[in-house]
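The values are calculated or read from the model by the stated rules, or taken from the named source; none is laboratory data. Note that the coordinates shown come from a computational prediction; the quantities given were computed from them, not determined experimentally. For neighbour counting, all protein chains shown are included, and Cβ atoms are generated from backbone atoms with ideal geometry for every residue, glycine included. With ligands, DNA and RNA removed, areas are computed over all heavy atoms of the protein, side chains included. Shrake-Rupley method; radii C 1.70, N 1.55, O 1.52, S 1.80 Å.
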Amino acid sequence: MIQKELRAVILVELLLPLLLTIFGVYHGVLQVLYRSGVIQDTAFLGIDYYQGLTAHGVINAIVLTTFFAVGFGNAVISQTLDRGVSVASARIGLALMVIGTLVAAWPIFTGKANVLYTFYAPLKAHPLFYIGVVLLVVGSWVSFWAWIPGYRRWRKNHPERKTPLAAVGIFATFIIWQICTLPVAYEVIVQLLPWSLGWTPGVNVVLSRLLFWFFGHPLVYFWLLPVYVMYYTTLPRLAGGKLYSDFYGRLAFMAFIVLSAPLGLHHQFTEPAVSSGYKLLHAALTLLVAVPSLITAFTVAASLEHGARQEGGRGLFAWWGRLPHFDPQRWLFPYLFMGLVIFILGGLTGLINASYGMNAIVHNTSWIPAHFHLTVAGPVFLAILGMSLYLSLGLAGVECASPRAALAVPYLWTLGVFTFSAGLFYGGLHGVPRRTNLGMSFLDSTSNLYRPDWVIGESIGAVGGCLMGLAVALFFYVLIRSLLARRSSQAADAFALPESAAYHDEDVPAVRNFAPWVVAGVVAILLSYVPPLVQVLNGNYPPAAG
Ligand code: HAS
C-alpha cells in the first residue's frame, strides 16, 4: 500500500507538471502551425518562435518527465518496499523541484532563456534559468536519496527475498540519472552560470557540448525506464496474465545501468573536435544499448501472449484480438500497449540515427523530431498520461468519470503521432531542417527561399500535430471531470498499483545486486569518454562570448 502521508506529495508531483503541460502542448501545436506556414510571423500572441520551442521542450521533456519519474518512483517504492520512502525527504525534494521549476519558468516566459531544452553554449540564458534547472535536478536527487534507507531496511528484513522488480527498475532509473546529471551539473554550475552572470568572459563551447551530450542520451533512458517498469510489472496483469520472465526484466534494467551513458557522441557525429575513431566506438555502443530494449520487446510480447491465451486467445496471431484493447474497465491498457506499437518505429529509426554513415543524411533535419516523437512523445508520454490519470484518481479516491473517453485518448494520440512523424520523416529525407520557423522562410511562397517540395511533409505534420493537441484536450476533459467527482476515502485507502506475478520466477544471483553493474557502467564511461575529453581539453579552443 502507498503511504498515506505521501499521497499529497505524489498528487502534486503528478498534477502540477500536467498543468504546465497545457502550455507545453499548446506550443507544440503552434510549432506545426509555424512550420507549415499557417502562421507566418516571428511570434504569436506575444510569444516568440524560439521562446515557444524552449517552453515546449523544457516543460514536456524535462519538467514533466522529472516530476513524473519522482512521483511514480515514490508510489512504487512506498508500495513495494513496505513504506520505504522517507516522507520528510520526499517533501524537501518536492519543494526544491517546485521552486526550481518556478524560478526557471520566469526567464522562459519573459523571453530571457530562448536556449531550447538542449541548453548548451553558445546559447546563453538568464542566470535564473540555470539556477532553476539546478534546483529541479537537486530536488530529484533528494527524492531519490529518500528511498535508499528504506531499500536498505527492506533488504535487511527480507534477506531471502529478491527486491521487487518494480523497485529494481526505479532504482536503475535513478542510478542512471544520478550518474548522468553530474557532468551537466558541472557544465551549468562551473561554465554556464558564471558566464551568464557576467563573471567570466566566455566559455569553452566544445566542452559545454560534450558535457551536455554526456547527459543527453542517458536522459532518454531516465524517461524510458519508468515506462519499462510499467511494461514489466503492470501491463501483463492488465492483459490478464503474468510476466513471462522476471529474470529478463532484471537483466534489462541492469544492462541499462552499464550501457546508457558511454555513447553520447552519437549526438555529435558532426563534432569536429572529436576524432572519428571514438565516434565509431560510440556508434557501436549505441547499437548495443538496443539489446535491453529488444529483450523487453520479446519478454513483453510473450507476456501479452500469455495474458491473451488465458482469456481464451488461440492461433498464431488471432490471440491479439483477446487483449483488452477496448475494455473501458481496463482503460490503462492501451496507454501502455499503443506506446509499445509506436516504439517499434521509434526504436528502428533510432538504429538508423545511430548508424554513423546514415546519420549524416538525417542529422539536424526534421527526421530527428520525427524519431523522438515516436519515443519520448510515444511510449513515454502515453505512459505518463495513463499512469498519472490512474494514480491520481486512485490516490484521490475517485473513479474515472469517462472511461470510454479515457480509452480514446491513446488511440487518437497514436494516430496523431504517426501522422506527424510520417510528415516529418518524409520532409527530413528531403532536407527540411529542424528547429526552423519555416513559415517565415522556406514555406513562405512570396520568399525567394520558397521550397514547394517541402510543403507536403510539413502539412501532414501539421495535421498530426493538431490531432495530438486534440488527444491531450480529451485527456484533460477526463482528468478534470473525474477529479471533480465524489471522493471516497475508503477507495483511496484500498488503492494500490497493479502488480504482475511472474510466469518464470528465476532467481539469478548476477542480477541481485546493483554494485557490479554500477562499477561496470563507470568503467565503460571512463573508457569511452576520457579520450574524447582529453582531445577536447587539448584543443585549446578560445572561450566564446555567446
Ligand atoms: Fe533516440 C536522437 C539513437 C531511443 C529520444 N533520441 C534523439 C533525440 C531524442 C531521442 C529526444 O544514434 C533528439 C535529441 C536532440 O534534440 O538532438 N535513440 C537512438 C537509439 C535508440 C534510441 C539507437 N531515443 C530513444 C529513446 C528516446 C529517444 C527511448 C526517448 C525516450 N537518438 C538516437 C541517435 C540520435 C537520437 C543516434 C541523434 C541523432 C542526431 O543526428 O541528432 C534505442 O534505444 C532504440 C532501441 C529500441 C528498440 C525498439 C524495441 C521495441 C519495443 C516495442 C515492442 C513492441 C511490442 C508490441 C512487444 C530496438 C520495446 C508488439 C505489437 C505489435 C502490434 C506487433
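Before moving on, here are some points about what is shown:
- Mean ellipticity per residue at 222 nm, deg cm²/dmol - from DSSP H runs of n ≥ 4 across the chain, formula -39500 (n - 2.57): -22000 deg cm²/dmol
- If you count Lys pairs in the chain whose Cα atoms are under 29 Å apart, skipping same-chain pairs closer than 8 places in sequence, the total is 7.
- Rounded accessible area per residue of the chain, 1.4 Å, Å²: 39 Å²
- Of the solvent-accessible surface of the chain, computed with a 1.4 Å probe and all protein chains present, 68% belongs to carbon and sulfur.
- Viscosity 1.306 mPa s, temperature 10 °C, Stokes-Einstein D of the chain from Kirkwood C-alpha radius, µm²/s: 66 µm²/s
- Distant-in-sequence amide contacts of H504, defined by a placed amide H-H separation under 5 Å and a gap of 5 or more residues or a different chain, comprise S245, D246.
- When peptides 277-289, 377-389, 442-454 are ranked by their average number of other Cβ atoms within 10 Å per residue, the highest-first order is 377-389, 277-289, 442-454.
- Overall form of the stretch 1-97 per C-alpha gyration tensor (a/c, 1.5; a/b vs b/c): prolate
- Kyte-Doolittle at least -1.0, axis length at least 24 Å by Cα - qualifying DSSP helices, the chain: 7-35, 87-109, 127-145, 165-186, 205-233, 276-310, 333-354, 403-429, 455-483, 515-538
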